[in-house]
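The values are calculated or read from the model by the stated rules, or taken from the named source; none is laboratory data. Owing to the predicted nature of the structure, the values given are computational and were not obtained by experimental measurement. Positions of Cβ are generated from backbone atoms using ideal geometry, with glycine treated the same way; all protein chains shown enter the neighbour counts.
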Amino acid sequence: MKKPKPLVDEPQAYRYAIWLLTRRPYSIGELQEKFRRRFLSPEIQEKVLTRLIQKKFVNDETFSEIYVNSKMNQGWGPHKIKLGLQKKKIARGLSEKAVGSAFPPEKINQSALEILGRQKQRFLRKKEKKKGQRLELACQFLVRKGYSFQVARLAVTRVFGYNSDLPHDD
């Protein structure tokens, strides 16, 4: 891999940041990471980021709301979205707020039910090698999507009907 070219002054760093932002939205933490990789001094980083924030080119709150809505439309659950925001270097408070407003408690169960309802036939087509395997796979599917085990278990019992073959969280 080619070594990144160091940034030496504020105008060069600002042009680089604008170039990055024309390609896709970035969080402040991601831009700081990009600057760090280009060996930009912390003082210049702060000046460039302040300028970008003042011009409203960068806003972590807006970024997190857009990210949450985008990932919700892809069927991601709240836990997976929080991890994604963490990778994007969004502050925990902002990510909690964005995910909390998009996923009120009653909506979490409803969205899990909708996702599993759309995938129900996929699980019903699978042959079971042991009793309850289908339901276990459906439950694991929702957990991988970012829903808690309790929400996944509830959705599976509602979509497939009550079944005592589901794993218990004892």
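What residue, among those in region 53-73 that are closer than 14 Å to Gly146 by Cα and out of contact with any Gly (no Cβ under 8 Å at 6 or more places or on another chain), is surrounded by the fewest Cβ atoms within 10 Å (Cβ to Cβ)? Show your work before the answer.
First, pick out the residues of region 53-73 that are closer than 14 Å to Gly146 by Cα: 68, 71-73.
Filter once more, so that each one left must be out of contact with any Gly (no Cβ under 8 Å at 6 or more places or on another chain): 68, 72-73.
Working: Val68: 25, Met72: 17, Asn73: 8.
So the residue we want is Asn73.
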Selection count where residues are modelled with pLDDT of 90 or more and either exposed (fewer than 12 other Cβ atoms within 10 Å of the Cβ) or within 18 Å of the chain's Cα centre (by Cα) (or both), scope region 111-139: 3
Taking the condition among the charged types (D, E, K, R) and closer than 27 Å to Ser95 by Cβ, does Arg23 pass? yes
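Test of understanding: among Ala98, Ala138, Ala155, which residue is assigned to a helix (DSSP H, G or I), of a type outside the set (Val, Ile, Thr), under 30 Å from Lys34 (Cβ atoms) and in contact with a Phe, Trp or Tyr (Cβ under 8 Å, 6 or more places away or on another chain)? It would help to see each step written out before you state the result.
Values: Ala138 fails: under 30 Å from Lys34 (Cβ atoms); Ala155 fails: under 30 Å from Lys34 (Cβ atoms).
From the options Ala98, Ala138, Ala155, the qualifying one is Ala98.
Can you tell me which residue among Val143, Val99, Val68, Val58 is of a type in the set (A, V, I, L, M, F, W, C) and in contact with a Lys or Arg (Cβ under 6 Å, 6 or more places away or on another chain)?
Details: Val143 fails: in contact with a Lys or Arg (Cβ under 6 Å, 6 or more places away or on another chain); Val68 fails: in contact with a Lys or Arg (Cβ under 6 Å, 6 or more places away or on another chain); Val58 fails: in contact with a Lys or Arg (Cβ under 6 Å, 6 or more places away or on another chain).
The conditions single out Val99.
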From the residues in region 16-52 that are within 28 Å of the chain's Cα centre (by Cα) and basic (Lys, Arg), which one is nearest to Glu65 (Cα to Cα)? Arg24
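Can you pull out every residue in region 145-170 that is exposed (fewer than 12 other Cβ atoms within 10 Å of the Cβ) and either at pLDDT 90 or above or not polar (S, T, N, Q) (or both)? Don't jump to the end; show me each part of the working.
Taking region 145-170 as the starting set, the residues that turn out to be exposed (fewer than 12 other Cβ atoms within 10 Å of the Cβ) are 150, 161-162, 164, 168-170.
Gln150, Gly161, Tyr162, His168, Asp169, Asp170, listed by residue number.
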Given (1) surrounded by 18 or more Cβ atoms within 10 Å (Cβ to Cβ); (2) at pLDDT below 90, number of the condition Trp76 does not satisfy: (2)
